[in-house]
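S.K.: Input: one structure, supplied below.
The values are calculated or read from the model by the stated rules, or taken from the named source; none is laboratory data. Predicted model only: the values in this text are computed from it and were never measured. Neighbour counts run over all protein chains shown; Cβ positions are idealised from the backbone, glycine included.
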Amino acid sequence: EKISRVAEAEIELFERDLILEIRGSKLQRRRAKKYAEGVMAQRTGPVFISSDSDDGDMTMLQIPQEAVGFVTGRAGNFLRSIEEQWCTLMFFCDAGGGSNRNKDYEKLAIFGDIRGRRGAELLVLSAVETKVPGFYDKIRDEVIGRDKGKDADGTWGTDTMTFQDDELSYALGKQGGTRKKLERSSGAIVQYVGHNALFSGTRAERKRAREYMKWLFEQLEGPVYVDGWEDRDDCTVVEVPADCIGYITGARRAALGSIEEEWGVLAFFMNRKGDGGGRSGRAEQLIIFGNRRARRGAELKIMSSVETKSPGCFTRGVREKTSSEKGFDTDRMVFKDDELSYALGKEGSTRKKLEGAAGAILQYVGHVAFMAGTLKERVRAKEYIQWLLAQRRGSVTIRDASSRDDATEMHIPENCKGWVTGNRGSELR
């Protein structure tokens, strides 16, 4: 499965005949064959990698001998977890041509696409640097220049930033939370190697990551205001009433932090210097950075929380809306009083179930259901809500079930119906 994912080829194993069948383009088949041979060779000793093994899918790293065990982890667990995270394959290998020439280092081959290889490489280097401080400085130029311009739009590269001790812990955040937040919201790979921050990605991704980092540090000095936010395509601003700011932020920023983590966004309240903000009794602007879908998810979650605390803030005069836009947009549906609690479910379980099945973002702001996504996702979300509400009045018949691409029909024998459903639907749930 891992080989298939990294090579982007279809692989089938015929166990009886001990034959591995590989399907795909010529390059995909070649890569899959190479990876399969590497995985098999690993069981009996070092993997031999020749210089012509690179099909534009390989990064070769020198790992100091004293860090090899640390990078591998117990029973190879650390390497496996990196492979899983970045969709790569990694082997310690014998690169041939006098491999015993330098016993101080072992060669680590990383296979995958440009983004996956880079993410894995920087994670390995971060681990090596904790074990062998100063190692990164020796290979710095090679690391920064690697794969420059080799992506689809030709702007791939790496930018760096150097931190002081106290700055590093702030940039990392609790359990690396700030680093992950910057990475997900900017779209760039963000990794810290020693006291160096490395941002890898396209030019636009790197620019975003550097800006977000700059604003994070500016918050330590005082209020931050993003001039020209109206012209940016990576942010959304929500007006939060003064009496809701503490509720949205939470104790020690816990509530806002959980929204950032859930949606992969960066969010902070904007204030100009000398402006009292929420303390002056005025609403404050909360700015959210990330991709469009993530921003909308976070925005609707915040609107829902504000509406709970200050009813009517976002729903006064709001009507139902259905968009014909095929791409990403938002539809609205207004609930009656008794419908809301039923469509929400215990601790929001029904809403989450509808959201997961439809693939749309589904959030309830007061009595209004907001459905955000592509046209297909929005239509599904609306239909599922309508079927759910119709169930309260009796059985529901879906006439086009057999022709739908989002439904599977099963026939349950009459005497098994209660068993499958369970007490008050508990087995189905």
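S.K.: So which residues in the stretch 402-425 are at pLDDT below 90 and of a type outside the set (D, E, K, R), if there are any at all?
M.R.: First, the residues of the stretch 402-425 that are at pLDDT below 90: 402, 424-425.
Correct list: 402, 425.
S.K.: Of all the residues that make up the stretch 400-424, how many are surrounded by 10 or more Cβ atoms within 10 Å (Cβ to Cβ) and assigned to a helix (DSSP H, G or I)?
M.R.: First, the residues of the stretch 400-424 that are surrounded by 10 or more Cβ atoms within 10 Å (Cβ to Cβ): 401, 404, 406-407, 412, 418-422.
Still in the list and also assigned to a helix (DSSP H, G or I): 401, 418-421.
Final tally of qualifying residues: 5.
S.K.: What are the residues in the stretch 158-203 that are surrounded by 20 or more Cβ atoms within 10 Å (Cβ to Cβ) and more than 21 Å from the chain's Cα centre (by Cα), if any?
M.R.: 193, 196
Conditions (1) charged (D, E, K, R); (2) surrounded by 14 or more Cβ atoms within 10 Å (Cβ to Cβ); (3) part of a loop (DSSP other than H, G, I, E, B), marked per residue:
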| position | (1), (2), (3) |
| --- | --- |
| 363 | no, yes, no |
| 371 | no, yes, no |
| 376 | yes, yes, no |
| 384 | no, yes, no |
| 389 | no, yes, no |
| 392 | yes, no, yes |
| 397 | no, no, yes |
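S.K.: Take the residues of the stretch 300-324 that are over 27 Å from the mean Cα position of the chain (by Cα) and in a helix (DSSP H, G or I): which is surrounded by the most Cβ atoms within 10 Å (Cβ to Cβ)?
M.R.: Here is the first cut: in the stretch 300-324, the residues over 27 Å from the mean Cα position of the chain (by Cα) are 307-324.
Remaining after also requiring in a helix (DSSP H, G or I): 307-309.
On the way: 307: 19, 308: 14, 309: 15.
Once the filter is applied, the top-ranked residue is 307.
S.K.: Considering each residue of the stretch 3-40, count those that are of a type in the set (Lys, Arg), closer than 17 Å to residue 83 by Cα and out of contact with any helix residue (DSSP H, G or I) (no Cβ under 9 Å at 6 or more places or on another chain), and give that number.
M.R.: Matching residues across the stretch 3-40 total 1.
S.K.: Which condition number does residue 347 fail, the rest of (1) over 22 Å from residue 398 (Cα atoms); (2) buried (at least 20 other Cβ atoms within 10 Å of the Cβ); (3) without any contact (Cβ under 8 Å) to a residue 40 or more places away in the chain being met?
M.R.: Residue 347 satisfies every listed condition except (2).
S.K.: Next up: Of all strands (runs of 3 or more DSSP E) completely enclosed by the stretch 1-87, which ones contain at least 3 residues that are closer than 23 Å to residue 146 by Cα and assigned by TED's automatic domain parsing to the domain that holds residue 123?
M.R.: Fully inside the stretch 1-87 and qualifying: 58-64.
S.K.: Looking at this structure, is residue 148 surrounded by fewer than 15 Cβ atoms within 10 Å (Cβ to Cβ) and assigned to a loop (DSSP other than H, G, I, E, B)? Please lay out each step first, then the result.
M.R.: Numbers: surrounded by fewer than 15 Cβ atoms within 10 Å (Cβ to Cβ): yes; assigned to a loop (DSSP other than H, G, I, E, B): yes.
For residue 148, the condition - surrounded by fewer than 15 Cβ atoms within 10 Å (Cβ to Cβ) and assigned to a loop (DSSP other than H, G, I, E, B) - is met.
S.K.: Is there a residue being more than 28 Å from residue 202 (Cβ to Cβ) and at pLDDT 95 or above anywhere in the stretch 96-116? Outline the logic, then answer.
M.R.: Pass one, the stretch 96-116, residues more than 28 Å from residue 202 (Cβ to Cβ): 96-107.
Those left that are additionally at pLDDT 95 or above: none.
Among the residues of the stretch 96-116, not one is more than 28 Å from residue 202 (Cβ to Cβ) and at pLDDT 95 or above, which makes the answer no.
S.K.: Only helices (runs of 4 or more DSSP H) wholly contained in the stretch 192-281 count here; list those with 1 or more residues that are more than 22 Å from residue 178 (Cβ to Cβ) and not assigned by TED's automatic domain parsing to the domain that holds residue 160.
M.R.: Values: elements: 203-221, 245-249, 254-263.
Fully inside the stretch 192-281 and qualifying: 245-249.
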